[in-house]
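Asks: Below is a structure I'd like to ask you about.
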Amino acid sequence: MSLKVGLLAFAVFAAAAPALAQNAGSAAPAAGSTPIFRQVETKYLFGFTTGADIGAEGEKEVEWTTDAALRKRSGRFQAYSSKVELEYVPTQFLQIALGARGTYHAIRNVPGFDDHNQAQFGGLSAEIKYLLVERAPNQPYALSLIVEPAWSRIGGAGGRETAFEIETKLAGDIELVANRLYAAANLIYEPEVVRDRGARAWGRESTLGFTGALTWRALPNVAIGGEIWGSIAPTTAISPRNMSDRRFMSARPCMCRRRKRLSSRWPGEPRSPAPPRARPAISISTISRVIAPG
Amino acid sequence: MRIALLSLSLAGALAAASPALAADYALTIKNNRFQPSELRVPANTPFTLKVHNADATPEEFESKSLRVEKVIPGGGTGVFQMRALKPGRYTFFGEFHEDTAQGALVAE
């Protein structure tokens, strides 16, 4: 059994206010007046923690997320994993996504790890997010169930492997102060089977995890927050090398998340006649850094 | 004859049942504003919202709390099948003319 805990600080930025903002029903602000904090979707407000909201029905987005692990203690270790996801919201309660992952590893002279300097195709994943409890005007909390099956062909330290996992997450959040202060928590269960290249036997691992986050919108398009996370692996039957890779990566000393919206329109649908008021292409960026990995 | 009567009965039953399942409510966009700007709808009952864009330019009807968004071309009508809403005020706006196109559904 292994137990890990950590703390994160993060900031969330919108490329422009309209990307985060939705009207609160009041009149539009006059130029130079006090900023108005409008409604936002919570799904990208919390760093590693996932908010409960899904997008609007019919919404289509491309999301790009990059995790980076950087160490200098002995030798050189740089590991990047980028995932591109195509998201679609077919109903007012369901969001689905398909993703592909690429990796880049630059590892040299790190004890216990093979040297790598290459970019590789990392694997595929899918995601189903169902809104179990929706937020309402007199109900500031929401709860979603997220199931993400994934196939991976590259391990955390760049080695070839074959792994299948199903990350199941219960994501809840609450608006503590309307449009300003938010809290969220995730409960995670992740069973996985993995096999090293050339090996015959499959290893198994299941991980229980949690994250909790608090986010304060300092400005309409800038939010700051903190996060605590932990995980426990109650059942582990993975080869020592694979386990070592996973422990190393799970500490994730630095993470950058960037979300880019593709379009909410089908081909042929009209676009905004007023480009300056249109929603910008890049909605939210998040940068997080581990303060005290366990 | 029996089949025709059965069909008529079925059609009548469906016609009678439809309004109870999803009543229609309408909004109009004119001069880049919603009319009415506040629309009362029944709480805890699914309904159909029809948004007609009377302007010549397109508008995107959007709401975070209603979880809908759709571009409505000039002269066109957007139809939204709304879930049963809990009581309260749900704001919406027109993304292309956000300064003026604002409104709310009040579920009660």
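Rule-based calculations on the coordinates, nothing more; no lab input. A quick note: this is a predicted structure, and the numbers were derived from the prediction, not measured. Glycine also receives a Cβ, built like all others from the backbone with ideal geometry; neighbour counts cover every protein chain displayed.
Asks: If the limit is 22 Å between Cα atoms, which of A:83/A:129; A:60/B:30; A:43/B:50; A:43/B:64; A:169/B:70; A:83/B:64 go over it?
Replies: The pairs that break the limit, which is 22 Å between Cα atoms, are A:60/B:30; A:43/B:50; A:169/B:70; A:83/B:64.
Asks: Based on other C-beta atoms within 10 Å, arrange A:190, B:108 from fewest to most.
Replies: Starting with the residue having the fewest Cβ neighbours, the order is B:108, A:190.
Asks: What ³J(HN,Hα) values, in whole Hz, does the Karplus curve 6.51 cos²θ - 1.76 cosθ + 1.60 give for segment A:42-59 when θ = phi - 60°, with x put for Gly and Pro?
Replies: 8, 5, 10, 8, 10, x, 5, 6, 9, x, 7, 5, 10, x, 7, 4, x, 6
Asks: State the antiparallel share, in %, of DSSP beta bridges confined to segment B:21-107, rounding to the nearest 5.
Replies: 65
Asks: Continuing with the same structure: Semi-axes of the equivalent ellipsoid for segment B:21-107, please: Cα gyration tensor eigenvalues, times 5, square-rooted, ordered largest first, whole Å.
Replies: 21, 13, 10
Asks: Using the reciprocal of the averaged 1/r over all distinct C-alpha pairs, how large is the Kirkwood radius of segment A:89-136 in Å?
Replies: The Cα-based Kirkwood calculation yields 14.2 Å.
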